[in-house]
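The values are calculated or read from the model by the stated rules, or taken from the named source; none is laboratory data. Small disclaimer: the values here were computed from a predicted structure and weren't measured. Quick reminder, even Gly has a Cβ in these numbers, built from the backbone with ideal geometry, and neighbours come from all protein chains shown.
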Amino acid sequence: MKLKIFLILPILLIGFSSFSKTVKLLDKKIDEGATGTLTGTVTDKATGNPINGATINIPDLRLSGSTDVTGHFAFNHLPRGSYLVQIRYVGYATVNRKVDFTKNTPLDVQLQISSIEAGEVVITGVSRATELKRDPVPALAVGKAYIDQRAAAGNIIDAIANIPGISAVTTGPNVSKPFIRGLGYNRIITLEDGIRQEGQQWGDEHGIEVDQNSIDRIEIIKGPASLSYGSDAIGGVVNLLTPLPVANGKILGSLTGLYGTNQGLLNGSFRLQGNNNGFVWGTTISGKEAKDYKNQYDGRVYATGYRERDARVMIGLNKSWGYSYVNASLFDDLQDIPDGSRDSLTRKFTKQITEDDAFRTIVSPSELNSYKIPVLHQHVQLYRIYNNNNFILGNGNLIVNLGYQFSHRREFTHPEDAAIAGLNLQLSTYTYDVKYNYTLGNDYDVSVGVNGQYQNNKIGNATDFPIPAYHQFDIGPFAIIKKSFEKLDLSIGLRYDNRSFKGEAAYIDTLNNKYPSLYIGSNPTTANGVTPQFSILNKTFSGFSGSFGATYNFSDEFLLKANIARGFRAPSIAELSANGPDPGSQIYHVGNSNFKPEFSVQEDIGAFLSLPNVSASVELYNNNIQNYIYQQQQLNADGTPSVNPSFPLYAIFTYVQSKARINGGEFNLDIHPVSWLHFANSLALTYGTNLGNGGTVADSLKHLPFIPPLHTHSELRGNFAKGFGIFRNTYVFVGFDHFNAQNRFFSAYGTETYTAGYNLLSAGIGGNVVNNSGKTVVQLFIEGTNLANVNYQSNLSRLKYFDNPVVPAGVQPGIFNIGRNISFKVVVPFDLSPHTKPTPGS
């Protein structure tokens, strides 16, 4: 597969080179009087002094620049039309202006010192870049500063898992699946630069295959986003965005190093970007590794270490006709597989050393303290090539996003045959997204398009077969219309989705090899020792989704939002056809080919207040889901867990359907008694109710699985933009998180258990070290989590259920979460730009 990737990449580069030569003629023709410019100055409103280093972004064109020492900026050869321009500087209120580039009118902006973080712009799920406060769909965005300050996050999903409404199901520090308002797995679409992330989302034991060091911004839609992204976005979207190109004439880079005390985490990254008259390029190369994490209760938790290597490269063109980028990336992760087994007397961790697993040895202290990947581990790789295009056509723009990715997931589960994979899944995905955004009539913003994907899943040489080989094709046309009436913003849209599956039949040979293998010969129904594993599957699912929303801005300080959306999701291949063990999750999955698609109706309402010294928001939602699919453990008639005789250590979980309701809300209150001090508070509450299929629902069945408990977060933070001495943009914070006990859990069949409440203390400090000219030479970030070293179990941690079948009386079963951890992050920026003075902007 590596050879295949490296053969494809040069072909793409050659094609891109030819394409760039062709568009030079178009670019030249457009430049002959048909392009616009944007110039202006940025000053301090109170003093009138120019602001040096203010950032100027044009999100729809992926252009970024900054002001010079005189506060001046300039962008040349811009496409004609009106675009949102964002001006921001640390410690000042962000300004967003819609500018018509055809008028070439200078944009002079006065920034005002403000402690309110406002003015965020989103591009996810909308036709064009939109101010977050004017978008009726519940959404949020965080930038690079937010990500950097979460230095202790083991992966990119952990960096956002404490945001109200967002959580993560975890299997140790490096395996996190995003959940939005109680929905996750195949109900959440994760994107990278708008390209769907596809890597067996139904699996518990691997995370999102994205290098956290390559992400500068995250945008999240909270609720049905099927309208823009199709099936699997019924619960929301997480869009991970890589860095914008640097300003014209610049070659900028950075070296990042991070150390975490708990796991001995080592995380290093190199980044370099350049821009030469619109020819843009960039690369990020990263590596991280960690040993087993520890807590006071368990000591070091065996088989929770990992080793990850990542690389990304981008080349592209930013011209007056739009932009075109080609991206290629590699994600390569070796991840330990924990099972929680312990010695019955000492409760020390043990490991499997023989195939029959007749006895186990206690894991030695040296193994627990080692970075070495054990024999039993998983190897997750994802190769990705994608192309983002935005062509200016008429009074609109044509967006074309094309992607190819290959996900190779292997789990090595045979202690005496280390090279033989227990699980070997090879998923190829081709994604397409084509849409045209334009202005119709009296400023109606219209977006029409079609997107979807084609998937081909193969089973490599393996011994366990949880899902079949299959082909899948998705297609979904859609239309979205937005209109602003002074203070009122309206948005309406409609989509039709169609997904077709073709699953291949498979048979298992139990006689001709040491381990079970796929049967290759003819006449499998009569061959000796051959048993059926999967039947032929031909399924098609289709349905409509839509949304209607409104935002009313009573003033610049207060607004109301409301939105109603219908979501659609076709069942996944695992839910339809699973019939086998997944070693990493210790589950034997059983699907149901008779499932119907899920449909949801979600109502959202939100109120937002922004005053000089106080900001607050309340967001409430109610989501009713038809044909909700979930897993439950299968029991024998006597109430004991049912097992497959061939896999006696795996609990059997079957998929079932029911009506469901998820409702709750998020509350935020941020008080600024003085300009530099923040006292931020938030609360998130989610209820998940199983409504059944008619009749009374038993108490053990009435709650949905994977529902987070009530969570409150309070943080006292000081931000000092001017800093102290050689330190600039400094910050310090102390945080307190409270998680209620979760006694509203899916208790039937022992699927979930009660989780006690707990409190966590965190703190952080950081800032920039500058030289005599005010230029940043080092960025420092220090974050401590679980500083009180509390022993706790999150109800969304799968390790909570990893233990021996029989646990001694009076002992809390399962593995506890990570203990005290202090992370130190250092970023060293550097500038390799030519010495000739570049034009500000691009």
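Assorted remarks:
- If you go through the stretch 245-264 and keep only what is surrounded by fewer than 22 Cβ atoms within 10 Å (Cβ to Cβ) and modelled with pLDDT under 95, you end up with Gly249, Lys250.
- When restricted to residues that are under 18 Å from Tyr371 (Cα atoms), out of contact with any Leu (no Cβ under 7 Å at 6 or more places or on another chain) and of a type in the set (D, E, K, R), the stretch 251-303 contains 2.
Conditions tested, residue by residue: (1) modelled with pLDDT under 95; (2) out of contact with any strand residue (DSSP E or B) (no Cβ under 7 Å at 6 or more places or on another chain).
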| residue | (1), (2) |
| --- | --- |
| Asn789 | no, yes |
| Ala809 | yes, yes |
| Ile818 | no, no |
| Pro829 | no, no |
| Thr839 | yes, no |
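- Yes/no for Pro571 being within 27 Å of the chain's Cα centre (by Cα), in a loop (DSSP other than H, G, I, E, B) and not hydroxyl-bearing (Ser, Thr, Tyr): yes
- The residues of the stretch 129-158 that are assigned to a loop (DSSP other than H, G, I, E, B) and of a type in the set (A, V, I, L, M, F, W, C), listed by number, are Ala129, Val137, Ala151, Ala152, Ala153, Ile156, Ile157.
- Of the residues making up the stretch 366-417, those that are over 28 Å from Gly452 (Cβ atoms) and not in a strand (DSSP E or B) number 16.
- Matching entry among Asp464, Asp489 (being crowded, with 16+ Cβ neighbours inside 10 Å and over 24 Å from Asp135 (Cα atoms)): Asp464
- Filtered residues of the stretch 478-513 (kept if basic (Lys, Arg) and out of contact with any His (no Cβ under 9 Å at 6 or more places or on another chain)): Lys482, Lys483, Lys487, Arg495, Arg499
- Of the set (1) among the basic types (Lys, Arg); (2) buried (at least 19 other Cβ atoms within 10 Å of the Cβ); (3) farther than 30 Å from Phe599 by Cα, all apply to Lys514 but (2).
- The number of residues in the stretch 365-388 being hydroxyl-bearing (Ser, Thr, Tyr) and under 24 Å from Asp292 (Cα atoms) comes to 3.
- Unique match (being under 30 Å from Gly543 (Cα atoms) and either assigned to a strand (DSSP E or B) or free of Cβ contacts under 8 Å to residues at least 12 places away in the same chain (or both)) among Ile234, Ile218, Ile285, Ile208: Ile218
- Residues satisfying the stated conditions in the stretch 677-689, i.e. touching a residue at least 40 places away in the same chain (Cβ under 8 Å) and buried (at least 16 other Cβ atoms within 10 Å of the Cβ): His678, Ser682, Leu683, Ala684, Thr686, Tyr687, Gly688
- Hits in the stretch 618-655 - residues which are among the β-branched types (Val, Ile, Thr), surrounded by fewer than 16 Cβ atoms within 10 Å (Cβ to Cβ) and over 22 Å from Pro709 (Cα atoms): Thr640, Val643
- Only listed residue being assigned to a loop (DSSP other than H, G, I, E, B) and touching a residue at least 24 places away in the same chain (Cβ under 8 Å), chosen from Leu244, Leu227: Leu244
- Which numbered condition Gly91 fails, given (1) surrounded by fewer than 20 Cβ atoms within 10 Å (Cβ to Cβ); (2) at negative phi; (3) of a type outside the set (D, E, K, R); (4) touching a residue at least 60 places away in the same chain (Cβ under 8 Å): (2)
- Selection count where residues are assigned to a strand (DSSP E or B) and farther than 15 Å from Asn627 by Cα, scope the stretch 676-717: 19
- Selection status of Gly257, assigned by TED's automatic domain parsing to the domain that holds Ala168 and at positive phi: no
- Residue that is at pLDDT below 95 and either crowded, with 17+ Cβ neighbours inside 10 Å or touching a strand residue (DSSP E or B) at 6+ places or on another chain (Cβ under 8 Å) (or both), where the choices are Asn387, Asn437, Asn457: Asn437
- Residue satisfying all of: in the stretch 314-346; within 36 Å of the chain's Cα centre (by Cα) and of a type in the set (D, E, K, R); nearest to Asn389 (Cα to Cα) among these: Lys319
Residues are listed down the side, and each one gets a yes or a no for (1) within 28 Å of Gly460 (Cβ to Cβ); (2) buried (at least 16 other Cβ atoms within 10 Å of the Cβ); (3) not β-branched (Val, Ile, Thr):
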| position | (1), (2), (3) |
| --- | --- |
| Ala505 | yes, no, yes |
| Ile508 | yes, yes, no |
| Gly521 | yes, no, yes |
| Ser535 | yes, no, yes |
| Glu557 | no, no, yes |
| Ala570 | yes, yes, yes |
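- Some residue of the stretch 802-809 being part of a helix (DSSP H, G or I), of a type outside the set (A, V, I, L, M), touching a residue at least 60 places away in the same chain (Cβ under 8 Å) and surrounded by 15 or more Cβ atoms within 10 Å (Cβ to Cβ): no
- So Asn451, is it surrounded by 21 or more Cβ atoms within 10 Å (Cβ to Cβ), touching a Lys or Arg at 6+ places or on another chain (Cβ under 9 Å) and within 21 Å of Pro79 (Cα to Cα): no
- Exactly one residue out of Gly546, Gly503, Gly521, Gly493 is in contact with a helix residue (DSSP H, G or I) (Cβ under 8 Å, 6 or more places away or on another chain), within 30 Å of Pro648 (Cα to Cα) and not charged (D, E, K, R): that is Gly503.
- The residues in the stretch 265-282 that are outside any strand (DSSP E or B) and surrounded by fewer than 16 Cβ atoms within 10 Å (Cβ to Cβ) can be counted, and the count is 1.
- Residue count, the stretch 97-128 (criterion: assigned to a loop (DSSP other than H, G, I, E, B), among the polar types (S, T, N, Q), modelled with pLDDT under 85 and over 22 Å from Ser615 (Cα atoms)): 3
- Unique match (being of a type in the set (Val, Ile, Thr), touching a Ser or Thr at 6+ places or on another chain (Cβ under 8 Å) and in the same structural domain as Pro641 (by TED's automatic domain parsing)) among Thr712, Thr730: Thr712
- Scope the stretch 574-603; condition surrounded by 20 or more Cβ atoms within 10 Å (Cβ to Cβ) and outside any strand (DSSP E or B); matching residues: Ala574, Glu575, Leu576, Ser577, Ala578, Pro583, Gly584, Ser585, Gln586, Gly591
- Pairs meeting the criteria (first residue in the stretch 371-388 and outside the structural domain of Ser176 (by TED's automatic domain parsing) and more than 14 Å from Arg309 (Cβ to Cβ), second residue crowded, with 18+ Cβ neighbours inside 10 Å and of a type in the set (Asp, Glu), beta carbons under 7 Å, at least 6 apart or on different chains) are lacking.
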